[in-house]
Amino acid sequence: KKYCSWLSDGLNFLCMIYRTSLDNSAKIITTGITVLFAVIIFARLSAITDEGMRNAFFLPLLLGAIYFIAYAFSPVKYELTDQELIVHRLIGDVKILRSEIIIGERIERGKTSWALRIFGVGGLFGYYGKFTNTQLGVMTWYATRRNKIVLIKTAAGKKIILTPDDPAEFTADLNKP
């Protein structure tokens, strides 16, 4: 956890930043897809013949876009301020008002087992998007691993899954009044 604060006109702002790292499955999937995409792109570009430039560059551009979008929406870190919980991503941070959070609690990995991906990513740079299972129903994941799970319940009935590297410290800080 990292703290950040500044003083401005006698007002003190404090935030806490929590690291999140990939589990072994996400590392293997990310590495495998990276190698696969690189091989396909290299093979496609090195095989340019008489097909025409438009056809030769379509697949490499498509794979590059998929890879960039997956990376851009993956969670990088979590931040708690006095007012918000922020999930930092390259494109579009997700902000949840702390006043909307009912509770943040650690849950066992088994409660998210057999989660089906409705719309999201299941391993490339993490696990994020909409998922569902019989125990918890529909959830929004901003996770980088499948353990160290924190379930956040909001007043609007949303369930959000986060996976900070230190879930005990994160939940303790999140649930402070």
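The values are calculated or read from the model by the stated rules, or taken from the named source; none is laboratory data. The structure displayed is predicted, hence computed values, not measured ones. FYI the Cβ positions are ideal-geometry reconstructions off the backbone, even for glycines, and counts take in every protein chain you see. Remember, those area values only see protein heavy atoms, side chains included, never the ligands or the DNA or RNA. Shrake-Rupley method; radii C 1.70, N 1.55, O 1.52, S 1.80 Å.
Could you check the spin-label model distance between ILE107 and ALA72? Points 7 Å from the Cα along Cα→Cβ, value in nm.
The modelled label-to-label distance comes out at 3.0 nm.
Provide the net charge surrounding LYS130, with neighbours chosen by a C-beta distance below 15 Å and charges set as Lys +1, Arg +1, Asp -1, Glu -1.
Taking every Cβ under 15 Å from that of LYS130, the sum is +3.
Put MET16, MET139 in order of accessible area, largest first, 1.4 Å probe: what do you get?
MET16, MET139
On a straight-distance basis, which lysines could pair with LYS130 in a cross-link, Cα separation under 22 angstrom, same-chain partners fewer than 8 positions away excluded?
LYS27, LYS77, LYS95, LYS111, LYS148, LYS153, LYS158, LYS159
Take every DSSP beta bridge with both residues inside the chain and express the antiparallel ones as a percent of the total, to the nearest 5.
Roughly 95 percent of the DSSP beta bridges within the chain come out antiparallel.
GNM, the chain, Cα, under 10 Å: largest mean-square fluctuation among THR132, THR144, THR20?
Maximum among the listed residues: THR132.
Restricting to DSSP H runs of at least four residues, report the calculated mean residue ellipticity at 222 nm for the chain, -39500 (n - 2.57) per run over all residues, nearest 500 deg cm²/dmol.
Theoretical 222 nm ellipticity from helices: -9500 deg cm²/dmol.
Treating only the Cβ of Lys, Arg, Asp and Glu as charged (+1, +1, -1, -1), what charge dipole size does the chain show about its Cα centre? Round to the nearest 20 debye.
440
Where does each of PHE73, PHE125, PHE170 land when they are ordered by accessible area, with a 1.4 Å probe and the largest first?
PHE73, PHE125, PHE170
Under 1.5 on a/c is rounded, so check that first for the chain, then, if it is not, pick prolate when a/b is larger than b/c and oblate when it is not; a ≥ b ≥ c are the square roots of the alpha carbon gyration tensor eigenvalues.
In terms of gyration-tensor shape, prolate.
Cα centroid distance between the range 22-47 and the range 124-176, in Å?
One Cα centre to the other: 27 Å.
Using the beta-carbon distance between ALA172 and THR34 and R0 = 25 Å, what value does 1/(1 + (r/R0)^6) give for FRET efficiency, to the nearest 0.05?
The computed FRET efficiency comes out at 0.10.
Work out the charge dipole of the chain with +1 on the Cβ of Lys and Arg and -1 on the Cβ of Asp and Glu about the Cα centre, then indicate which of THR112, ALA43, THR144 is farthest towards its positive end.
Value computed over the given set: THR112.
What length, rounded to one decimal in nm, is gained on full extension from ASP165 through to LYS95, with 0.36 nm per residue of separation minus their alpha-carbon distance?
Gain in length upon complete extension: 23.3 nm.
Among 156-169, 26-39, how do they line up by average Cβ neighbours within 10 Å per residue, starting with the highest?
156-169, 26-39
With angles folded into 0 to 90 degrees, how steeply does helix 53-72 sit against the dominant principal axis of the chain? Use alpha carbons for both and round to 10.
Roughly 10 degrees between the two axes.
Between THR134 and LEU62, take the C-beta separation as r, use R0 = 45 Å, and let me know the FRET efficiency to the nearest 0.05.
Given R0 = 45 Å and the Cβ-Cβ separation, E is 0.80.
Please give me, ordered by residue number, the GluC sites (Glu not before Pro) of the range 59-115 that lie in loop per DSSP and have at most 15 other Cβ atoms within 10 Å.
GLU108
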